[in-house]
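Colleague: Sharing a structure, written as structure tokens. Questions coming.
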Amino acid sequence: MSTSRNLTLIIMALVAVLALVGCTREITTVEQIDPGASNCFNCHTDDPETDQYGLTDKQLEWSFSNHGIGAYVGYAGGRNGCSGCHSGAGFVARLDGATDVPYATTIGCWACHAPHTTGDFALRINEPQPLSNGLMRDIGSSNICTACHVARTAVDVALAPEFPDSTVGGVPLDQVRITSSHWGGHHGPQGEMFYGNNGYHFDGYTYRTDVPPAHDVEGMTRCFGCHGNANPVVDLGGHSFQQRNTAGDMNVASCNRCHDALVDFDVNGVQTETAELLETLHGLLETLGLVDVDGHPISGARGTEVQVGAAWNFINVEEDRSMGVHNPNYIHDLLTSSIAALGGAPAK
């Protein structure tokens, strides 16, 4: 009995020892690094001496840009169909695939960059973006520009007849209707104009669609090569992206890499000629009742495909706002052929 009791006690002792061993936990101390407020101030500072990324200067430049002044947010920034380009939050949401944007925000650094996510100021978009008719062109760091700076509508869609298969008394109802006051190359068709694309081409005319070689050089980074060219004047170039400021100064430094001692952008009279052609075409279209005295499309106006095609070209060139500089040959061909098609001076 004593032997049995001793054996039992020994077994119980072994079980207790094993239980204690099994319950032992190794406690490891993990040292965490607190970034502290000092790291935030590498970016969020108003002291140029400690501004690691030069944001103080860039934000000042940005305040002079059309993107940063806030005027382009307005009512459009809060509308689902507009906020993808007219609101900083809307742009980011669109890239994430969202279709419902609940509020409008100004367009700031984080619209194009995601430093709190990536840890740097890489652009949110690096891949080529489709132009309005689906054409893809890889323009490097300027790909992010064509995410918004396009006409939004392909020319064949915009000029589709309102009632293509209907007739009245045997007469086809094939007129084209201007569907809204925002019809046309909606405020930013620079991507298409630059690449000689998405204009209305009249039968019997040859259009020079090639980009001027000097405007499409890899090292120039296309849009940024001119609009982002560094300039000691705070509201020219850089992150202002302005080529002309309110004082009339012009950022011609990038142009002078190829052209000789320019003081403005009217190279070989391209802007003067474009302005004259636009004025002539405007008068013809106003007479037809397709645009108003300010050149805005008249919602509900109708015309033939040729007439409304000329209006499409007028609006796209107007909204491009380079007055011929982005692609002189293509813009010249669009305007002169449109004028000739409406019975104006023959195209040259």
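Colleague: Just to be sure, is VAL293 at pLDDT 85 or above, over 25 Å from the mean Cα position of the chain (by Cα) and surrounded by fewer than 14 Cβ atoms within 10 Å (Cβ to Cβ)?
Modeller: So VAL293 fits the description; yes.
Colleague: Considering (1) modelled with pLDDT of 95 or more; (2) among the charged types (D, E, K, R); (3) within 23 Å of ASN198 (Cβ to Cβ), say which one ARG302 fails and leave the rest.
Modeller: (1)
Colleague: Kindly indicate whether GLN52 is of a type outside the set (A, V, I, L, M, F, W, C), assigned to a loop (DSSP other than H, G, I, E, B) and at pLDDT below 75.
Modeller: no
Colleague: Return the residue satisfying two criteria in turn: it lies in the range 69-110 and is β-branched (Val, Ile, Thr) and surrounded by 13 or more Cβ atoms within 10 Å (Cβ to Cβ), and of such residues it is farthest from the chain's Cα centre (by Cα). Talk me through it step by step, then tell me what you get.
Modeller: We begin by selecting, within the range 69-110, every residue β-branched (Val, Ile, Thr); these are 69, 73, 92, 99, 101, 105-107.
Still in the running and surrounded by 13 or more Cβ atoms within 10 Å (Cβ to Cβ): 69, 73, 92, 101, 105-107.
Numbers: ILE69: 16, VAL73: 14, VAL92: 12, VAL101: 18, THR105: 16, THR106: 15, ILE107: 12 Å.
So the residue we want is VAL101.
Colleague: Given LEU277, LEU284, which one is touching a residue at least 12 places away in the same chain (Cβ under 8 Å), assigned to a helix (DSSP H, G or I), closer than 21 Å to ARG244 by Cβ and touching a Leu at 6+ places or on another chain (Cβ under 6 Å)?
Modeller: On inspection, the qualifying residue turns out to be LEU277.
Colleague: Identify all residues within the range 97-111 that are among the small types (Gly, Ala, Ser) and farther than 15 Å from PHE241 by Cα; write none if there are none.
Modeller: GLY97, ALA98, ALA104, ALA111
Colleague: Note down all Cβ pairs under 8 Å where the first residue falls in the range 62-84 and is without any contact (Cβ under 8 Å) to a residue 40 or more places away in the chain, the second is of a type in the set (S, T, N, Q) and surrounded by fewer than 18 Cβ atoms within 10 Å (Cβ to Cβ), and they're at least six residues apart or on different chains.
Modeller: Hits for this filter: ILE69/SER63; GLY70/THR106; TYR72/ASN66; VAL73/THR106; ASN80/THR99.
The values are calculated or read from the model by the stated rules, or taken from the named source; none is laboratory data. Bear in mind that the values here come from a model prediction, so they are computed numbers and not experimental data. Positions of Cβ are backbone-derived with ideal geometry, glycine not excepted, and every protein chain shown enters the neighbour counts.
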